[in-house]
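Asker: Handing you a structure now.
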Amino acid sequence: MRLKTVQHTFHEKLDAIYPYEEVDSFFYLLIDHYYNVSRLDLVMKPSYRVDDAKSLLEALWLLKQQQPIQYILGETEFYGLPFKVNSHTLIPRPETEELVQWILDELKINNGTLKILDIGTGSGCIAVSLAKHLPKAKVCALDVSKEALRMAQTNAELNDVDITFFNEDILSPKTWSVAFKSLKFDVIVSNPPYVREQEKQLMKPNVLDNEPHLALFVKDDNPLLFYEAISQFAVNNLSRNGLLFFEINEYLGHPMKALLSKHQFSNIELKQDVFKKDRMVKGGL
Ligand SMILES: C[S@@+](CC[C@H](N)C(=O)[O-])C[C@H]1O[C@@H](n2cnc3c(N)ncnc32)[C@H](O)[C@@H]1O
């Protein structure tokens, strides 16, 4: 079958759902993934044929159901590194890359053996990227989801970094206070669930119907539940001069600052992302 013919079918079936350029970009990602054929290869040889277009047509069907391309491919890129993803892991977001960048900028003068913990690691994108860029650091990561941790372990291996994983519920101090009793960290980072139920209506169906709700949502009446628990954890488990970094809900920047003050953090800083939305906060002990 000619790839150009399949590309035509992609547009026929998908242009009503996605912008034209996005359909092209899906198509090129898929032919690269399944046939190792690049956009340029197809420009140079428009008559390119494949014997079996089954995978491509299956992907087309999944795209029509609004499955995210990253889940269809089973992989994505974060902070320039490859990551495997599945329906148990949130698809890493560009704003989280900004959080990683902020942490690396803050730590660049520190050459020591830092101990870092990522809470709610999901695909492991934050922990793996930090481990890759801070080769002397000892990086740990925690998640309540065993399936997510399996994927994070795969991603640590894929990127050739060593991470210690913990299967813990951060909302259950009884269990984490035992598991982390004598462990102190120089940096604790988290991108916990922070989307309020009331914000569901603002979300695209491909996120709502496919990404794990465990990773996304909190109740309207207690949207800072995870931040409260993690701040308490950080008070117990950060070393002197330790730093706590959070990705946050863009609408909750000021309540987040108040929460960190309440827990006696100092040098609290709220930071905006490239779209000028309050997106990250840090505090020191
Ligand atoms: C917003 S996702 C972040 C995933 C990843 N760190 C990232 O930035 O893409 C939140 C993560 O927190 C985990 N999580 C949810 N509830 C948790 C809990 N009670 N204890 C620990 N982790 C939890 C979810 O499984 C999910 O992986």
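Asker: In region 38-87, which residues are in contact (Cβ under 8 Å) with a residue 24 or more places away in the chain, closer than 25 Å to A152 by Cβ and assigned to a loop (DSSP other than H, G, I, E, B)?
Answerer: Q67, P68, Y79, V85, N86, S87
Asker: What is the one condition in (1) part of a helix (DSSP H, G or I); (2) crowded, with 17+ Cβ neighbours inside 10 Å; (3) touching a Phe, Trp or Tyr at 6+ places or on another chain (Cβ under 9 Å) that P92 does not satisfy?
Answerer: If we test P92 against (1) part of a helix (DSSP H, G or I); (2) crowded, with 17+ Cβ neighbours inside 10 Å; (3) touching a Phe, Trp or Tyr at 6+ places or on another chain (Cβ under 9 Å), just (1) comes out false.
Asker: Check off (1) modelled with pLDDT under 95; (2) in a helix (DSSP H, G or I) for L29 and give me the number that stays unchecked.
Answerer: Against the list (1) modelled with pLDDT under 95; (2) in a helix (DSSP H, G or I), L29 comes up short only on (1).
Asker: Could you grab me the full set of residues in region 196-211 that are within 13 Å of the ligand (Cβ to nearest atom) and crowded, with 18+ Cβ neighbours inside 10 Å?
Answerer: If the condition is that a residue be within 13 Å of the ligand (Cβ to nearest atom) and crowded, with 18+ Cβ neighbours inside 10 Å, then E211 is the only one that fits.
The values are calculated or read from the model by the stated rules, or taken from the named source; none is laboratory data. No experiment lies behind these values; they were computed from the predicted model shown. So basically every Cβ, Gly included, is an ideal-geometry build from the backbone, and we count neighbours across all protein chains shown.
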